[in-house]
1. Could you list, in sequence order, the residues of the stretch 8-26 that are over 14 Å from Ile65 (Cβ atoms) and of a type in the set (Lys, Arg)?
2. Give, as residue ranges, the helices (runs of 4 or more DSSP H) completely inside the stretch 1-64 that count at least 3 residues that are exposed (fewer than 11 other Cβ atoms within 10 Å of the Cβ).
3. When the residues of the stretch 9-35 are narrowed to those that are modelled with pLDDT of 95 or more and basic (Lys, Arg), which ends up farthest from Ser48 (Cα to Cα)?
Amino acid sequence: MEELTPKVIALTKSLQTLGSELRQLRKARGLTLKQLGRDSKVSESQLSAIERGTSKPSMDVLDTIAEALG
């Protein structure tokens, strides 16, 4: 089992915060995961994992999602 170092804990919290904010933005724009996936060309499963804070998306993926959200 991986030891939870301060860096790992901080990264986990950052990813959860990012995911939560992404979910809020998506819902505020009235988009489903399917719609955002279509618009961003990012799979629904990857978007869901990002929103849950279980995926570490690249900057390119985040940029694509941001563009789709407007």
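The values are calculated or read from the model by the stated rules, or taken from the named source; none is laboratory data. What you are looking at is a predicted structure, and each value in this text was computed from that prediction instead of being measured. Neighbour counts are summed over all protein chains in view; Cβ atoms, including those assigned to glycine, are modelled from backbone coordinates with ideal geometry.
1. The answer is Lys13, and nothing else.
2. In the stretch 1-64, the matching helices (runs of 4 or more DSSP H) lie at 6-28.
3. Only one residue fits best here, namely Arg29.
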